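So the structure is just underneath, and the comments pick up after that.
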Amino acid sequence: MPLSKEAARQLVRLQDQDKAIDALQAEIDKVPKAIAEINARIEGRKSRLHDTKARAGAIGMKKKEKEAQVTAKEADIKKHSGQLNTVKTNDAFRALQTEIEAAKAAISDLETEILTLMDDSEIVAKEEKAISAELKAEEGKDREEIAAFEKDKQNFEAKQNVERQKREALVPTIPEDVMKHYDYLRKRKPGGAALAPVLKNLCGGCRIALPPQVVVEVVKAAKLQTCESCHRILYMPENAATPAA
Ligand SMILES: [Zn+2]
């Protein structure tokens, strides 16, 4: 593939551009994950609040049930007390009295249960209040954090667009077949490193010793030279001492 020194230099610049684009992409890719973590935190707090509210509701229901039972027992007592005056036999009288006593004992037990439920309800109400306050305090911060991440993402994207434009400007300065070969390697090499600098007489990509003739050709840059071992496109770094041809 024919090349020129200028095209070889542009190819190195192109790779620098691609590295800059990739580095910005890595930053952009971090953002959705970071936002998802914050949202999970928000949801976690909301679900804790929801659970606490459900517990408070269950306690309230149970308390109402017990209170209804107390009302029913009180009605029984009232009814049986009224019947005491109308019964004809001692047995019937005693039976009513036994029922009244039993109802009174049941009310006493129910009242103890109601008091316990009231204590529970107070504890849960405190918990609910604490979570609500935490939610309010933290949610504002979380929303701000999300907005900051979104802003970062926009900034990275804007910078990436600039780098992309610079890349696009370089493309026409590089022969088309060289470009194709570069793009092909870029997709396959770790970190998109399609190019390898010649370091002394070694391939900077895989560290294999390069034949002297290859190094000479890389310096000339009249045609594309690739490493026989890792197939990267070889180039001579700008600051390297040019070996005598
Ligand atoms: Zn190599």
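Brief remarks follow.
- Globularity ratio of segment 1-87, using Cα Rg and 2.2 N^0.38 Å: 3.14
- nm² value of the averaged projected area, convex hull over the Cα atoms of segment 35-138: 7.7 nm²
- Projected-area average for the chain over all orientations - Cα convex hull basis, square nanometres: 24.0 nm²
- Amide H within-cut-off set for Leu202, under 5 Å, with H built and near neighbours excluded: Leu210
- With all protein chains kept in place, the per residue accessible area of the chain amounts to 64 square angstrom at a probe of 1.4 angstrom.
- Backbone geometry of segment 176-192 corresponds, through the Karplus equation with coefficients 6.51, -1.76 and 1.60 at θ = phi - 60°, to 3J(HN,Hα) couplings of 4, 5, 5, 4, 4, 5, 4, 4, 4, 5, 4, 6, 9, 8, x, x, x Hz, x marking Gly and Pro.
- Scalar couplings 3J(HN,Hα) for segment 53-59, obtained by applying the Karplus form with A = 6.51, B = -1.76, C = 1.60 to θ = phi - 60°, are 5, 5, 5, 4, x, 5, 5 Hz; x denotes Gly and Pro.
- Ranked by the mean number of other Cβ atoms within 10 Å of their residues, highest first, the peptides 151-161, 224-234, 132-142 fall in the order 224-234, 151-161, 132-142.
- What separates the Cα centres of segment 159-178 and segment 1-36 is a distance of 10 Å.
- Using the empirical formula 2.2 N^0.38 Å as the baseline, the Cα radius of gyration of segment 125-223 reaches a ratio of 2.04.
- Projected label points at Ala95 and Gln165, each 7 Å from Cα along the beta carbon direction, are separated by 10.1 nanometres.
- Evaluating 6.51 cos²θ - 1.76 cosθ + 1.60 at θ = phi - 60° for every residue in segment 203-210, the Karplus couplings come out as 6, x, x, 10, 6, 7, 6, 9 Hz, glycine and proline recorded as x.
- The convex hull built on the alpha-carbon positions of segment 176-235 has an orientation-averaged projected area of 3.8 nm².
- Residues whose amide H falls under 5 Å from that of Ala196, counting only those 5 or more places apart or on a different chain, are Ile233, Leu234, Tyr235, with hydrogens built in the peptide plane.
The values are calculated or read from the model by the stated rules, or taken from the named source; none is laboratory data. Note that the structure is a prediction, hence the values are computed from the model and not measured. Note that we place each Cβ from the backbone using ideal geometry, even for glycine, and neighbour counts take in every protein chain shown. These area figures cover heavy atoms from the full protein model, side chains too; ligands, DNA and RNA do not enter into them. Shrake-Rupley method; radii C 1.70, N 1.55, O 1.52, S 1.80 Å.
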